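J.: Take a look at the following structure, please.
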Amino acid sequence: MKGNFLTMAVNKNNKPDRTKQNSSAKNTGKKNRLKETSTPLMYLIPFMAVLAILPVIIRYKSFENHLTTEYWHNSNATSSDIFLYYKSVFLIAFGAILLFMLIMAFAVETKKFKFEIEYAPLTVYLVFVLLSTFASENIYFSLHGIENHFESMWVLLAYIILVVYGCTMADNTHAIKVIIYGLLAGTWILMIIGVCQAFKLDMFTTEWIKKIILPSEMWQSNLKLNFELGQVYITLYNPNYVGYFAAITIPIFLTLAIYAETYVKKAIYAVTVIGVFICSIGSGAKNGLLALAVAFVFMIAMFRRQIIKRWPIVLAAFVILIGVFFGINAIRHNSMINSIKASVKTMFHKNEDTRHLDSITCGSDYLTITYDGKPYKLSMNVTNGTEISVLMTDGQDEQIATKLSDDQQSIVSGDKTFPFTITPVNYSVDGATIPSIQLTVDGYTYSFSNQLSTISTNSTGYFYLNASGKWVNIESAETAVFTNNPKLFSNRGYIWARTLPLLKKHIFLGSGPDTFSMQFPNNDYVNSAYVGFLNQIVTKPHSLYLQIGVQTGAISMIAFIVFLMYFVRSIMLYWKHPLDTLLSKLGIGIAAGTLGYMVSGLTNDSTITYAPVFWGFMGVGIALNRLVRTEFSSRIPESEA
């Protein structure tokens, strides 16, 4: 028999307890009958579009990147994207629509504004997003977004609108049902794509999908994405972001799979959980597994009394998920287990430091190379335009013996305590020949020249040629906390160690949305080489919290963390709640899902691909808690059936 979504109590046999309902009704009378007005569907459709349609959007876009003057970017003025740009456009447009409909709902009194305590820190965050944007030295990117990210100020404002809109419109059980069904529809689309990718049936390699993604003039081109066959990325740009997708949806639908009213719904939700879990394992995103582990612990604690009653169902659910994990892991040749082992090793064991090169400093007259703590000087001289000679001295200015290599093309060290190779080379820049040297130390090669005055009168002294083709200085960046463990969490330790000191510059105001690339010391080339970043550009901090702290300021980061009081209030609400309604159980599922997202955010930055779902469900969760709190407070306390 179908039960009421909000107020049905259940007995030990999981059947409607009419005696208890009647008794409760007698005791509470009209006070226990909450008056609810359903939210018109027209208000819910645009909200569901953001939850269900936005993550699926994928379309080619070529655009001017405005980054050619940045030392870390190449000289190509045009970039392309298929995962992020149109998601950003869609969200900004629907953010404006949601704001208009919110104002309209308040104006015609379809809805009344209800202040929630979570709005206070959210308002502080909003203020610092605006202040950091308009005080930014790179305001263009804060307003328009940057390549490989596209989270401009307008996107951040849309996130805030989603919270308020979700909290306002999800003020009744009908609206919450509709929103859940919208999330279910979007989840199934992503899940089907992801499961196909996990079993090496990537839809994006098919001709008909290519014609959807690419404009007609590019249909004859070869669409090749940088993912291994069998790796799940869905439409979320990066396999790591599949962790966000799983962290939010699995706790919600697992709750519904256990407590839904009918077996048909239970089956649908169960298949959803298994499918999304396959996507999570297939992506190889360890952050998603960590987030799910924390979410499951939270759910076990909150559902502790119900688990005792339904332990066979709960046990079966976890056995199935564990079976799926080991099954997909076996298909992927034990890659997940090996990856987890490697991550654990970096957490609990200090990395073996096999490096010897400490630093290279570009001076006006020579390069200073510090090797095993000892300083050396390297200089080059050019005669007859292209003939290059080099001189290497130690800390006492004594010349180091050198000899020609076997192929007579390079100069090698005669000092066993400092093995190096120097190769003269000429580069062509804008038609001019630039005599240079390539220094190879510890297996890494660095190119330098002091002859740039031929192409720029302001370029005197030594410069390094980076992977983007720009001549720049090398610097050793300030580090903190993770200095001695740069390989922690797949080299995130290196990024975090150099991001934390940036917070000192941005305590009050941040650098502006989407400007992290301009703040991070990408010119720390020597240290980056030892974690595999020598030819890569760090464009994101791989931490949601550090991203907020740098881009919109440390105060806004604190405000965002305080905004998460929603979780504390959820624990306070549900810890002693009898959980005798499906709505109260769903409240725990949503809290667990959004908590999983926040845990995943410890090692992942924010992304337009799935952040809107998180922000939207934060609003829904706050509204749902208000409903449960109101309904529960209207009762006369009763023991759980």
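The values are calculated or read from the model by the stated rules, or taken from the named source; none is laboratory data. Predicted model only: the values in this text are computed from it and were never measured. Note that each Cβ is placed from the backbone with ideal geometry, even for glycine, and that neighbours are counted across all protein chains shown. We work out accessible area using only protein heavy atoms, side chains counted, and drop any ligands, DNA or RNA first. Shrake-Rupley method; radii C 1.70, N 1.55, O 1.52, S 1.80 Å.
J.: For the range 374-393, which residues satisfy the criterion of being under 46 Å from the mean Cα position of the chain (by Cα) and open to solvent by 40 Å² or more (accessible area, probe 1.4 Å)?
T.: Lys374, Pro375, Lys377
J.: Restricting attention to the range 493-534, which residues are open to solvent by 10 Å² or more (accessible area, probe 1.4 Å), part of a helix (DSSP H, G or I) and farther than 25 Å from Thr368 by Cβ?
T.: Matches in the range 493-534: Trp496, Leu500, Leu502, Leu503, Lys504, Lys505, His506, Met518, Gln519.
J.: Hey, does the range 282-289 have a residue that's hydrophobic (A, V, I, L, M, F, W, C) and at pLDDT 80 or above?
T.: Yes, there is a match, as at least one residue in the range 282-289 is hydrophobic (A, V, I, L, M, F, W, C) and at pLDDT 80 or above.
J.: So, one more: For residues in the range 62-120 being part of a loop (DSSP other than H, G, I, E, B) and of a type in the set (Gly, Ala, Ser), which is farthest from Phe47 (Cα to Cα)?
T.: Per the criteria, the residue is Ser75.
J.: While we're looking at this one, here's another question. Kindly indicate the residue of the range 102-119 that is without any contact (Cβ under 8 Å) to a residue 60 or more places away in the chain and of a type outside the set (Phe, Trp, Tyr) and also least open to solvent (accessible area, probe 1.4 Å) among those meeting that condition.
T.: Met104
J.: Which members of the range 188-215 meet the condition of being polar (S, T, N, Q), at pLDDT 90 or above and within 17 Å of Ile82 (Cα to Cα)?
T.: Within the range 188-215, none qualify.
J.: Just one of (1) more than 24 Å from Glu147 (Cβ to Cβ); (2) assigned to a helix (DSSP H, G or I); (3) open to solvent by 10 Å² or more (accessible area, probe 1.4 Å) trips up Pro486, so point out which.
T.: The one condition Pro486 does not meet is (2).
J.: Go through the range 39-59 and give me each residue that's at pLDDT below 95 and open to solvent by less than 10 Å² (accessible area, probe 1.4 Å).
T.: Thr39
J.: Just one of (1) free of Cβ contacts under 8 Å to residues at least 40 places away in the same chain; (2) open to solvent by 70 Å² or more (accessible area, probe 1.4 Å); (3) under 30 Å from Asn65 (Cβ atoms) trips up Leu130, so point out which.
T.: (2) is the only condition that Leu130 fails.
J.: Now, a different point. Given (1) free of Cβ contacts under 8 Å to residues at least 40 places away in the same chain; (2) out of contact with any Pro (no Cβ under 9 Å at 6 or more places or on another chain), identify the lone condition not met by Tyr462.
T.: It fails just one condition, (1).
J.: Select from the range 258-288 the residues that are in a helix (DSSP H, G or I), more than 21 Å from Ile588 (Cβ to Cβ) and small (Gly, Ala, Ser) and list them in ascending order.
T.: Ala267, Gly275, Gly282, Ser283
J.: To continue, here is another question. Which of the residues spanning the range 261-274 are surrounded by fewer than 24 Cβ atoms within 10 Å (Cβ to Cβ), under 16 Å from Gly593 (Cβ atoms) and of a type outside the set (Phe, Trp, Tyr)?
T.: Within the range 261-274, just Thr272 meets the criteria.
J.: Go through the range 565-597 and give me each residue that's assigned to a helix (DSSP H, G or I), open to solvent by 10 Å² or more (accessible area, probe 1.4 Å) and in contact (Cβ under 8 Å) with a residue 60 or more places away in the chain.
T.: Residues satisfying the conditions are Met565, Arg569, Ile571, Leu582, Lys585, Leu595.
J.: Among the residues in the range 611-626, are any open to solvent by 10 Å² or more (accessible area, probe 1.4 Å), farther than 18 Å from Leu183 by Cα and in contact (Cβ under 8 Å) with a residue 40 or more places away in the chain?
T.: Checked against the condition, which is being open to solvent by 10 Å² or more (accessible area, probe 1.4 Å), farther than 18 Å from Leu183 by Cα and in contact (Cβ under 8 Å) with a residue 40 or more places away in the chain, the range 611-626 yields at least one hit.
J.: Could you please give the count of residues in the range 193-232 that are in a helix (DSSP H, G or I) and over 19 Å from the mean Cα position of the chain (by Cα)?
T.: Within the range 193-232, residues that are in a helix (DSSP H, G or I) and over 19 Å from the mean Cα position of the chain (by Cα) number 18.
J.: Right, next: Is the range 462-472 home to any residue that is under 30 Å from Asn287 (Cα atoms) and either open to solvent by less than 20 Å² (accessible area, probe 1.4 Å) or not in a helix (DSSP H, G or I) (or both)?
T.: yes
J.: Shifting gears a bit: So if I check each of Gly461, Gly512, which one is within 21 Å of the chain's Cα centre (by Cα) and not hydrophobic (A, V, I, L, M, F, W, C)?
T.: Gly512
J.: Can you tell me which of Phe567, Phe563 is touching an Asp or Glu at 6+ places or on another chain (Cβ under 7 Å), over 21 Å from Lys504 (Cα atoms) and of a type in the set (Phe, Trp, Tyr)?
T.: Phe563
J.: Being closer than 17 Å to Thr609 by Cβ, polar (S, T, N, Q) and in a helix (DSSP H, G or I) is true for just one of Thr255, Thr235, Thr168, Thr249. Which residue is that?
T.: Testing whether each residue is closer than 17 Å to Thr609 by Cβ, polar (S, T, N, Q) and in a helix (DSSP H, G or I) leaves just Thr249.
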